[in-house]
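Novice: Have a look at the structure that comes next, please.
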Amino acid sequence: MLRRLFAAALILPMIAGFSSCKGREQAGKVSEDVRKYYGAVSAISTQYKVVSDYNDRVNEFTLAYSADAGKAPTVAILAPEEIKGISAAIDKGTLNLSYEGSSLSMQMPEIKGFTPLEAFPALLLDVAGAIPTEVDAEKIDDVSCAALTYESAENNRAVSKRVWFDMDTLHPVKADFYLDGKCVISLDFLKFDAK
């Protein structure tokens, strides 16, 4: 009996390690597929929840993003109700806000992609053109995902984005954005369509 337990104690970690390596290999292939897929996409529409946490305040939004080849992408606020209907177009480093015919233009912050409105458009640039620094296989709500991490340094700050893609559809499931190791933005995708 003790021999069987001892053998099981030796074999189970090897099996778990093998399945983990197999998942990581599959995630590595998905990483290449993600870059090709998003590099070739001509239209995207998605809805996602955003939580931004900048120490002094935490905000939650539900946003809708749409982009079609040749047009500036737009982000519309779906919730909270108090600001529902405001939309934004991001074009050449300028954010153009509009609401019921009125508009406002402003320059983007120094670190690109770290506001709730520009997080997803900036993430698209990373997944279509950058090579992830880390690739893992993980489950998010029973969905087998490739977890890809993109790291860089901007304005003397450590910037990191971790995004989980469904291994079957290549659609994003979740993304976290870190500044100097602290998660400041999280995206949870509700709907996603790409062509």
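Computed from the coordinates by the stated procedures, all read-outs in this text should not be read as laboratory data. Not measured: the values here are computed from a predicted model. For neighbour counting, all protein chains shown are included, and Cβ atoms are generated from backbone atoms with ideal geometry for every residue, glycine included.
Novice: Cα atoms only, segment 64-195: Rg and Dmax in Å?
Specialist: My reading of the Cα-based Rg and Dmax gives 15.5, 46 Å.
Novice: What net charge do the residues around Y37 carry, taking every other residue with its C-beta under 15 Å from that of Y37, with Lys and Arg at +1 and Asp and Glu at -1?
Specialist: So the environment of Y37 carries a net charge of -2.
Novice: Now, a different point. Rg and Dmax of segment 144-195 over Cα atoms: what are they, in angstrom?
Specialist: 12.4, 37
Novice: Using the Cβ atoms and a cut-off under 9 Å, what net charge is assigned to the surroundings of V50, where Lys and Arg are +1 and Asp and Glu are -1?
Specialist: With Lys, Arg at +1 and Asp, Glu at -1, the neighbours total -1.
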